[in-house]
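The values are calculated or read from the model by the stated rules, or taken from the named source; none is laboratory data. Remember, predicted model here, so these are calculated numbers, not experimental data. Heads up, the Cβs are rebuilt from the backbone with ideal geometry, glycines too, and the neighbour counts pull from every protein chain shown.
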Amino acid sequence: MRNLLLVVALCAAACASSTPPQRFIPSGVALSGDGDRVSYRAANLDASRLPGACVEKTQMLVKLGDHKRADSLPRELQSNLQSFLGMKTVPAGAGALVVRSAITGARPDNPLADLGANQPQRGDGGYTSVEIYATEGPDGPVVAALRETIRSQKLTLDGDAAWARTENALAEAAARFAKLVRPDLKFPGDR
């Protein structure tokens, strides 16, 4: 019985883990940063000399109970990346920036579980985790990569509002990746 309780406690601790492990960006990429955001940018990356970008279909590496959103969230991230990069859309040929992305974790706010005492056991509310990387050409080296978990600390009683924060997190991650690739980019609200 004591062993069973130990196994249950270890499983609960693993489920409460706040950041999903890296599983999409190639393992040889030297990401740096801390906590919920790590990134990489090749020193020789100059997006202005590239003919354009090919943003491939976003992969969904997490199961969601909401099938409508499981279909729409990857399209949302792909669309945001294409729009925010501001580069001509080109096929994934030699010299093109080929962008690959995945949603690796998503949990909307849960109004009942997010109440005070229950929050620490859940990993502090909702979160959205993404991994995005770009290569120069379809088989070239990785020139930029971002792995980020964006947390929501807000309580909501409306399920659509909770998912809207997930969609906003995808836009936030896409904007950060676009700025990683093109540091000269400015968005409304930038200082």
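Remarks
- Of all the criteria given as (1) part of a strand (DSSP E or B); (2) at pLDDT 95 or above; (3) loosely packed, with under 13 Cβ neighbours inside 10 Å, the one not satisfied by residue 57 is (1).
- Residue pairs whose Cβ atoms lie under 8 Å apart, separated by 6 or more positions or on different chains, with the first residue in region 125-152 and without any contact (Cβ under 8 Å) to a residue 40 or more places away in the chain and the second among the β-branched types (Val, Ile, Thr), are 135/98; 135/142; 135/143.
- Residue list for region 80-116, filter: at pLDDT 90 or above and in a helix (DSSP H, G or I): 80, 81, 82, 83, 84, 85
- Restricting region 67-82 to residues that are out of contact with any Lys or Arg (no Cβ under 8 Å at 6 or more places or on another chain) and free of Cβ contacts under 8 Å to residues at least 60 places away in the same chain, the residue that is nearest to residue 179 (Cα to Cα): 82
- Residue, surrounded by the most Cβ atoms within 10 Å (Cβ to Cβ), within region 62-79, restricted to residues that are part of a helix (DSSP H, G or I) and touching a helix residue (DSSP H, G or I) at 6+ places or on another chain (Cβ under 7 Å): 77
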